[in-house]
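The structure appears right after this line, and notes come after that.
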Amino acid sequence: MAGKAFDLSGKVAIVTGANTGIGQGIAVALAEAGADIAIVTRSDASDTANKITALGRRAHIIIADLSSIEPCQRIVDETLDTFGRLDILVNNAGIIRRDDALDFSEEDWDAVVDTNLKVLFFLCQAAGRHMVEQKSGSIINIASMLTFQGGIRVPSYTASKSGVGGLTKLLANEWASHGVNVNAIAPGYIATNNTAALQADETRNRQIMERIPAGRWGDPEDIGGAAVFLASDAARYVQGHILAVDGGWLAR
């Protein structure tokens, strides 16, 4: 019974930013659980597609620039045209810009908030219209430790990820009665190419490791397992939740 609850066979997922790192880990994990995957990316995602097809699942790459809302409806339409259905949306794509709050530019503010929050909402909206009509679906937004904490030198990123947490709850409030689950995952420090510089910095790496009760950096597969749970029937009564997958970072 437990295994069946986590089974995603026959389902179709859209995963944004799935060419590497956390997005790839999520896409592959969903495929391992039985889902076919629409990979949304600005760059080459053949590695992710090959990993999915090696599992016997179908993969379709959608090239889209998520710095504006222009491709949102097209992504949903192309997924439906290709696979004939849509059951899961994972909003993973995001960017970050760093500078002191006193010097932070409007350009960097708009770029981050547009990608991480505005486009995320309108992709939720495009997918949500379909899911509400079919009375089923799961949306998983990727939040952050900075959904809970302030951080430093990343004002637009902190604002956007705080917004992702609030928006996740709002959408759950509106769509739960229509059979659509909306939740979020807040990753901790995950070992990917995006964090390679931090891992290589001996002092910073030691400081990070000292703060993580689990005593290690997370792997993309750790986030993938959480995504499978939230996308599955095992989480059918989980709504508006922000699941921290952080090795205990927030508990310290």
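Among the listed pairs Lys11/Lys51; Lys11/Lys169; Lys118/Lys161; Lys135/Lys169; Lys11/Lys135, which are separated by more than 21 Å between their Cα atoms?
Violating the 21 Å limit, Cα to Cα: Lys11/Lys169.
Which of the peptides 170-183, 111-124, 24-37 is most tightly packed, and how do the rest follow, judged by the mean count of other Cβ atoms within 10 Å per residue?
The densest-packed peptide leads the list: 24-37, 111-124, 170-183.
Would you grab the residues whose amide H sits under 5 Å from the one on Ile190? Only those 5+ places off in sequence or on another chain, please, with H modelled 1.01 Å from N.
Amide H to amide H, under 5 Å and 5 or more residues apart or across chains, Ile190 pairs with Gly218.
Find the accessible area per residue for the range 1-143; the probe is 1.4 Å, ligands and nucleic acids are left out, and the unit is Å².
45
Ordered by residue, what ³J(HN,Hα) values in Hz, to whole numbers, does the range 220-232 give under the Karplus form 6.51 cos²θ - 1.76 cosθ + 1.60, where θ = phi - 60° and Gly and Pro are x?
So the Karplus estimates, Gly and Pro as x, are x, 5, 5, 6, x, x, 5, 5, 4, 4, 5, 7, 9 Hz.
Express the carbon and sulfur contribution to the solvent-accessible surface of the chain as a percent, rounded to the nearest whole number, probe 1.4 angstrom.
Roughly 50 percent of what the probe reaches on the chain is carbon or sulfur.
Enter the accessible area per residue of the range 154-215 (Å², integer; probe 1.4 Å; all protein chains in place).
Value for the range 154-215: 45 Å² per residue.
Measure nothing but the geometry: give the 0 to 90° angle between the long axis through the Cα atoms of 72-83 and the longest principal axis through the Cα atoms of the chain, rounded to 10°.
The helix 72-83 is inclined about 40 degrees to the chain.
Write down the radius of gyration of the range 83-140 and its Dmax, each obtained from C-alpha positions, in Å.
15.4, 49
Using heavy-atom solvent-accessible surface (probe 1.4 Å) with all chains present, what is the largest-first order of Arg97, Arg216?
Greatest to least solvent exposure: Arg216, Arg97.
Divide by every residue of the chain the summed helix terms, -39500 (n - 2.57) for each DSSP H run of at least 4, and state the resulting mean residue ellipticity at 222 nm, rounded to the nearest 500 deg cm²/dmol.
Mean residue ellipticity, 222 nm, calculated: -13000 deg cm²/dmol.
Between Arg206 and Ala111, what FRET efficiency follows from the Cβ-Cβ distance if R0 is 41 Å, with the result rounded to 0.05?
Efficiency computed from Cβ-Cβ geometry: 0.80.
Where Rh is the Kirkwood radius over the Cα pairs of the chain, the temperature 4 °C and the viscosity 1.567 mPa s, what D in µm²/s does Stokes-Einstein return?
71
Can you give the extra length, in nm with one decimal, that the chain gains between Ala196 and Ile95 once fully stretched, where that is 0.36 nm per residue apart less the Cα-Cα distance?
Value of the extension gain: 34.8 nm.
What accessible surface, in Å², does a 1.4 Å probe find on Tyr189, ignoring ligands, DNA and RNA and rounding to the nearest 10?
60
How much net charge surrounds Ile22 when only the other residues with a Cβ under 15 Å from the Cβ of Ile22 are counted, with Lys and Arg +1 and Asp and Glu -1?
Its environment carries a net charge of -3.
The values are calculated or read from the model by the stated rules, or taken from the named source; none is laboratory data. Keep in mind it's a predicted model, so treat the numbers as computed, not measured. Here the Cβ is made from the backbone with ideal geometry for all residues, glycine too, and neighbour counts use every protein chain on show. Calculation scope for accessible area: heavy atoms of the full protein, side chains included, ligands and nucleic acids excluded. Shrake-Rupley method; radii C 1.70, N 1.55, O 1.52, S 1.80 Å.
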